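The block underneath contains the structure these notes are about, expressed in structure tokens.
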Amino acid sequence: MINIGVVFGGPSEEHEVSLASAKAVMKAIDSLPGYKAERIGMCKEGNWVVGEGTLRFLISKADPDMLFIEAEEDVEDRPTFEVPPHAFFDKCDYIMPMTHGAIGEDGKLQGFFETLNIPVIGCGTLASAVCFDKNYLKTLLEGNGFKVAPGGVINIETTTVTEDVYKEFVETTGGEKFAIKPNDNGSGIGVSIARNYEEFKKGVEKAAQFTSAVLVEKFIPHKEIVVGVIGNGNDIEISHLGESNAEVDDVYEYEAKYNENTFCQCPADISPMMKKKIKEQTAEIYKLVGCKDWARIDFFIENETNDLYMNEINTIPGFSPHSVFPKIFESKGVSYKDLVRKIIESAIKFEDDAKRAAA
């Protein structure tokens, strides 16, 4: 029996999304012959909760307005641990983080388990940290020849958002309309569109509720394309391409993404040549950044020029049955259960190959 420690919850704004992802993933793991899911939860306060009943406990404490799975009855209080319960971790052969957002998707959790010599299913410390910092990722990709939206970061602790700051972004990016978002967050949280200085200032203030680093990008009228990848090295599988249903001036925020997800249609309505280009860039970017086992890469196709821009990489995208990642593989004929199995088997093969290479 291979024990997979599924970690969920955490202190980020995406705590409730994590519970939905973990619930479905653990059910799939427990249905696979030879595998067992071990429950490892993190409370919003940072305490650890482990063992049977952990998911029920965290669901009972979750914000119902942010939770798109049913609460569970007959919840018993679970012990929490001020320090991680190492004895419980020792029974896990692998760790599979289902923690979205900070202290879960940014490399910190991955590094913690790597120091315990427990293999992590999914991106490791470096790739997670690089992808979580949106501006750093854009700088890396632009330096390697990929197109990204012009922009930059405002440090809220050192910068007052004046009209001169707005004008500087207008001058350096060549645009007057901007997408504003936390530099290190996801799920559409804190995102807005600004068409003038007043909206710009409000957008920065909104994003600053969740971070001290606010990313400002020139707004590019576009189609948004989402692509899933599983596997490692040259042995990767790419999903069908999904296309966002959002209007060009809209931002899909948290509720639209997770409440019976209507975020995208699949397959995307684009030319065969563009599909080929996106899949080629997806494979190149996945390897360049060092992604492992699974990830989702999002692109923009500019309306007027048909130019392709890389938008962002999600190293732990939403994984509930309604989430984009399983949906775009499902359209290719890969069931949810088989998708989980493929990711785990890919991770095990990666570790086995690494051990043989080191021997």
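Find how much the distance from N196 to I103 grows on full extension, using 0.36 nm per residue of separation minus their present alpha carbon separation; answer in nm with one decimal.
On the way: separation 93, 0.36 × 93 = 33.48 nm, distance 3.40 nm.
Going from the current span to full extension adds 30.1 nm.
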Inset, instruction - Just subtract the alpha-carbon distance of D353 and E45 from 0.36 nm times their residue separation and send over the number in nm, one decimal. - result: 107.1 nm
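Taking square-rooted eigenvalues a ≥ b ≥ c of the alpha carbon gyration tensor, is the chain rounded, prolate or oblate, where a/c under 1.5 means rounded and, failing that, a/b exceeding b/c means prolate?
prolate
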Legend entry - Overall form of segment 150-218 per C-alpha gyration tensor (a/c, 1.5; a/b vs b/c): prolate
Inset, instruction - Find the relative contact order for segment 150-218 and round it to a whole percent, using C-alpha pairs within less than 8 Å whose residues are 6+ positions apart. - result: 45 percent
Legend entry - Listed residues D106, D307, D293, most fluctuating in the chain (Gaussian network, C-alpha, under 10 Å): D307
Inset, instruction - Report, for the chain, the % of DSSP beta bridges that are antiparallel, rounded to 5. - result: 75 percent
Legend entry - Gyration tensor (Cα) of segment 2-120, equivalent ellipsoid semi-axes in angstrom: 20, 17, 14
Legend entry - Cross-link table K36/K355; K277/K349; K206/K292; K36/K327; K138/K206; K138/K355, entries beyond 26 Å C-alpha to C-alpha: K277/K349; K206/K292; K138/K355
Legend entry - Sequence-separation-based contact order of segment 221-358, relative, with Cα cut under 8 Å and 6+ spacing, percent: 30 percent
Legend entry - Overall form of segment 130-178 per C-alpha gyration tensor (a/c, 1.5; a/b vs b/c): oblate
Legend entry - DSSP-assigned coil residues among trypsin sites (Lys or Arg not before Pro) in segment 137-240, each with at most 14 further Cβ atoms within 10 Å: R195
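When only C-alpha pairs under 8 Å and at least 6 residues apart count, what is the relative contact order of the chain, in percent? Don't skip to the end; give the middle numbers.
Working: 717 pairs, mean separation 62.2, N = 359.
Computed over the chain, the figure is 17 percent.
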Legend entry - Along the chain, longest interval not containing exposed GluC sites (Glu not before Pro), exposed being DSSP loop plus at most 12 other Cβ atoms within 10 Å: 158-246
Inset, instruction - For segment 150-218, give the magnitude of the charge dipole about the Cα centre (Cβ charges: +1 Lys/Arg, -1 Asp/Glu; no others), in debye to the nearest 20. - result: 240 debye
Legend entry - Nitroxide proxy distance, nm - points 7 Å out along Cα→Cβ at N245 and E205: 3.3 nm
Inset, instruction - Select from G231, G46, G145 the residue whose mean-square fluctuation is largest in a Gaussian network model of the chain (Cα-Cα springs shorter than 10 Å). - result: G145
Legend entry - For the chain, calculated [θ]222 nm from helices alone, where every DSSP H run of n ≥ 4 adds -39500 (n - 2.57): -11000 deg cm²/dmol
Inset, instruction - Could you give the size of the charge dipole of the chain about its Cα centre, using +1 on the Cβ of each K and R and -1 on the Cβ of each D and E, expressed in debye and rounded to the nearest 20? - result: 1080 debye
Legend entry - Set of lysines with alpha-carbon distance to K177 below 16 Å, sequence-local pairs under 8 removed: K167, K201, K202, K218
Legend entry - Extension reserve of the E345-A87 stretch, reckoned as 0.36 nm per residue once the Cα distance is removed: 90.4 nm
Legend entry - Using alpha carbons only: equivalent-ellipsoid semi-axes of segment 87-180, gyration tensor based, whole Å: 37, 15, 9
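A short reminder: the numbers here are calculations on the coordinates, not readings from a lab. Predicted model only: the values in this text are computed from it and were never measured. Note that we place each Cβ from the backbone using ideal geometry, even for glycine, and neighbour counts take in every protein chain shown.
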